[in-house]
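Here's the structure we're looking at; comments come further down.
The values are calculated or read from the model by the stated rules, or taken from the named source; none is laboratory data. Because the structure is predicted, anything quoted here is derived from the model rather than measured. Methodologically, a virtual Cβ is constructed for each residue, glycine included, from the backbone with ideal geometry; neighbour enumeration extends over all protein chains shown. Calculation scope for accessible area: heavy atoms of the full protein, side chains included, ligands and nucleic acids excluded. Shrake-Rupley method; radii C 1.70, N 1.55, O 1.52, S 1.80 Å.
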Amino acid sequence: AHWGAAVCVLVVVRTWCVVSGQVRYSVPEEGKVGTVLGRLWQDLGLEGGDVEARRLRVVWQGRRAGVEVSGASGALVVSSRVDREELCGKSAACSLRLELLLERPLRVFHVELEVTDINDNAPLFPAARKNISMAELTTVPGSRFPLEGASDADIGANAQLSYTLSPSEHFRLDSETSNEGNMVPDLVLTKPLDRETVPVHRLVLTASDAGRPSLTGTMELLITVLDVNDNAPHFNQSVYKVKLTEDAAEGTLVVRVNATDPDLGINSEVTYTATNFFPPSAGDVISVNPETGEIRLKGTLDFEEVTDFAFRIEARDKGTPSLSSHCKVFLEVLDVNDNAPEVWVTSLSVPVPEDAPVGTVVALLSVSDRDSGANGRVSCWVRPASPLAVESRLLGSYSLVLREALDRERVWEYEVEVFAEDGGQPSLRTSRGVRVPVSDVNDNAPRFSQAVYTVLCRENQGAGAEVARVFARDPDEGSNGRVRYSLWEGAAGERAPVGGWRPASSYVSVDAESGVISLKDALDFEEVSVFDFRIEARDKGWPSLSGHCKVLLEVLDVNDNAPEV
């Protein structure tokens, strides 16, 4: 370094002896190290000699380039990386001035080194990504969005840029020339945006220079579509069908409806309400959670009252203006066996005559069960066992009929229970008591307790004396069982009386009500010793019936006659 300073002083001092000369060289940037730019010894017209001994070297003026003099050959060669953009930036011309210093003798040569451009710089955008926001629907086709162009450190054709856009059905690229002559790209909307279809569009803007080969740079365009309330809530089902048993408890979940709104934020927040109840009482049975869409029972179900409910659920968003949609809900109530059969006696024909024929209808019964299906299917029977039975006539209609002949004198009244049982599981049963009295008919004749009465009576008893009492029983009721007695004529005794045969009625009489046999006149053994007669017992029925008995009256002798000579 000290020697170099001395040389500089020497140059200044001895400028008068420096022989001046100028040479121009051109070096491409990024040239390979060791590339020979020129043969200085020949180009400067120097006489032959030892190049290395005469010490030809480079003295830089200002910016330094990566070139040097080869000591052995005296050639100007590339010694390190040469970057035109680093040396001259965007200047159209890039010329570097340097001096070649030759000693022994001391001479100075001026050399101009032109660094030529190659396409070694790709276009560069200010940022790797650009975020753009656009509102759906309200941003109309044809809207333009200016984009920042890329820059290229090269010059000339290597820095001339063109732009392309990745394929998109919604956007195209339009380029304009600025006042500086640069191409400025604009993003143009060609089709309306729909955030719910494509919320984010990702495009690639490519800048290509005109170099050979062409270099490119890219920037990602991230286009976010802003939401507007353009979508009504949408149910995942238009119709919900639900079945619940009628014994479902209050608070039971009926169904959860769900509506989604593809919008964002408050535009997608949905509330639920129930409307259009049929029947109107459905509004007292169900409730809807406005936030979750859960439908629950708030009242009791009764299949026998209402078997089906229908209503609508409205889903409304909170946008401005708000949008809504509806779905239908059908609730079918399923029957459970919660109702016992019911039995009514609609007609009762009593009392029943005891001579009523088998098959006679005693009563008409109406049987019903409010349940349905097997739960409402009813069977009937009668207990205890009796001449009565239940027969089905029509659906829900039964008859209580005679299946055996009646006998009032044996059973004068029947008290039965008509049972009705449904086919549910478990089954339910009910009963209805029916009292059937049996009315009497005159079907029994009076009957004496004895077929033959033998009566002993002493002679000479006075008129009116009671000699016997007969009794006939009639099991019928009322006038049918009320008996009156009368005397039938009978035969005289063993020997005919002096005056001939006399009828029995001349001797005795019978009380019609009590059956007491009394003497009409005193009997005389010597006149009649024995006679018989018949007594008839007749009831007051219609037609009347009668019975008979035989009375044998023997007259006992008393010593009432003195001997005769």
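Figures for the structure shown
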| read-out | value |
| --- | --- |
| Region 257-296, subset open to solvent by 20 Å² or more (accessible area, probe 1.4 Å) and among the acidic types (Asp, Glu), residue nearest to the chain's Cα centre (by Cα) | Glu294 |
| Single residue of region 383-398 satisfying the filter (open to solvent by less than 70 Å² (accessible area, probe 1.4 Å) and out of contact with any Ser or Thr (no Cβ under 8 Å at 6 or more places or on another chain)) that is farthest from Val336 (Cα to Cα) | Pro387 |
| Hits in region 104-116 (condition: modelled with pLDDT under 75 and surrounded by 15 or more Cβ atoms within 10 Å (Cβ to Cβ)) | none |
| Tally, over region 103-129, of residues that are within 60 Å of the chain's Cα centre (by Cα) and either in a loop (DSSP other than H, G, I, E, B) or free of Cβ contacts under 8 Å to residues at least 24 places away in the same chain (or both) | 4 |
| Residues (under 15 Å from Phe419 (Cβ atoms), without any contact (Cβ under 8 Å) to a residue 40 or more places away in the chain and assigned to a loop (DSSP other than H, G, I, E, B)) located in region 356-388 | Pro384, Ala385, Ser386 |
| Per-region count, region 410-426, residues surrounded by fewer than 16 Cβ atoms within 10 Å (Cβ to Cβ) and in contact (Cβ under 8 Å) with a residue 12 or more places away in the chain | 7 |
| Of residues in region 466-493 being in a loop (DSSP other than H, G, I, E, B) and surrounded by fewer than 17 Cβ atoms within 10 Å (Cβ to Cβ), the one farthest from the chain's Cα centre (by Cα) | Ala491 |
| Residue within region 133-146 that is modelled with pLDDT of 90 or more and of a type in the set (Lys, Arg) present | no |
| Residue within region 211-231 that is free of Cβ contacts under 8 Å to residues at least 60 places away in the same chain, polar (S, T, N, Q) and surrounded by fewer than 19 Cβ atoms within 10 Å (Cβ to Cβ) present | no |
| Leu101 surrounded by 13 or more Cβ atoms within 10 Å (Cβ to Cβ) and at positive phi | no |
| Tally, over region 10-33, of residues that are open to solvent by 50 Å² or more (accessible area, probe 1.4 Å), assigned to a loop (DSSP other than H, G, I, E, B) and modelled with pLDDT under 70 | 3 |
| Single condition Ala405 does not satisfy, out of (1) open to solvent by less than 60 Å² (accessible area, probe 1.4 Å); (2) assigned to a loop (DSSP other than H, G, I, E, B); (3) farther than 30 Å from Glu305 by Cβ | (1) |
| Residue match in region 358-381 (condition: among the aliphatic types (A, V, I, L, M), surrounded by fewer than 15 Cβ atoms within 10 Å (Cβ to Cβ) and either modelled with pLDDT of 90 or more or closer than 16 Å to Val254 by Cα (or both)) | yes |
| Members of region 334-350 that are surrounded by fewer than 21 Cβ atoms within 10 Å (Cβ to Cβ) and assigned to a strand (DSSP E or B) | Leu334, Glu342, Trp344, Val345, Thr346, Ser347, Leu348 |
| Residue in region 431-460 that is most open to solvent (accessible area, probe 1.4 Å), counting only those that are within 30 Å of Glu527 (Cβ to Cβ) and part of a strand (DSSP E or B) | Arg458 |
